[in-house]
Amino acid sequence: MYVDIGLGASLIPDPADPSKTIVDPSSVFQYSIPGIKIVGSGTATAGGMTVSNNLYDLLGAIADQLENSLYSYENIDALYGKLNTASMEIIYNLTEVGAKASYLEFMTDRYETQTLDLDERQVKVEGADPTKTIIQFKTQQVAYEAALQMGTKIIQPSIFDFMS
């Protein structure tokens, strides 16, 4: 699964089938890791045995070997080595998730900082601080209304003011 991070998602020809297009990985952020990548799939050879790369199957194979009356240290050691490799793959995937989360936090902070910087630039270019300008406007409006009220008190209305 991908998410557009503001660069604009783009498509490129699929290397496996040039008649099809795929999402360009450099234009988007892949935020998911498939579960099969974490638990593993397929088979491999370990200690002369064909074993599953799937973590659950591997744990089952170790349990079967331990329960077997023909217990073999070499088989258990080979399976344990494969289990260590699988656990390192899980740690690698967790590290990858952490790196992606850190990257997203960095990009969020960067965009927030950029927004603040652009707001400050806008104020400098337009030459008016909105807060200061509103306070000055309200002050002038109050002074204008006070002047109008004072004028009506000094010059009393007469009958001629009401005649049209």
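Checking the conditions here, which among Ile91, Ile76 is touching a helix residue (DSSP H, G or I) at 6+ places or on another chain (Cβ under 6 Å), under 30 Å from Gly42 (Cβ atoms) and in a helix (DSSP H, G or I)?
The match here is Ile76.
Cβ contacts < 7 Å: first residue under 18 Å from Lys37 (Cα atoms), restricted to region 94-118; second residue among the aromatic types (Phe, Trp, Tyr), any location; separation 6+ or different chain. Result?
So the pair list comes out as Lys100/Tyr31.
Within region 123-135, can one find any residue that is of a type outside the set (A, V, I, L, M), on the phi > 0 side of the Ramachandran plot and free of Cβ contacts under 8 Å to residues at least 40 places away in the same chain?
Yes, the conditions are met somewhere in region 123-135.
Among the residues of region 17-31, which ones are outside any strand (DSSP E or B) and surrounded by 11 or more Cβ atoms within 10 Å (Cβ to Cβ)?
Hits for region 17-31 are Asp24, Ser27, Val28, Tyr31.
Does region 68-93 hold any residues that are charged (D, E, K, R) and over 28 Å from Gly35 (Cβ atoms), and which are they?
Glu74, Asp77
If you take the residues in region 49-71 that are in a strand (DSSP E or B) and of a type in the set (Val, Ile, Thr), which one is nearest to the chain's Cα centre (by Cα)?
Taking the candidates together, the pick is Val51.
Could you identify the single residue in Glu89, Glu74, Glu112, Glu105 that is surrounded by 12 or more Cβ atoms within 10 Å (Cβ to Cβ) and either within 30 Å of the chain's Cα centre (by Cα) or in the same structural domain as Leu58 (by TED's automatic domain parsing) (or both)?
Exactly one residue qualifies, and that residue is Glu89.
The values are calculated or read from the model by the stated rules, or taken from the named source; none is laboratory data. Everything numeric in this text was worked out from a predicted model, so none of it was measured. Neighbour counts are summed over all protein chains in view; Cβ atoms, including those assigned to glycine, are modelled from backbone coordinates with ideal geometry.
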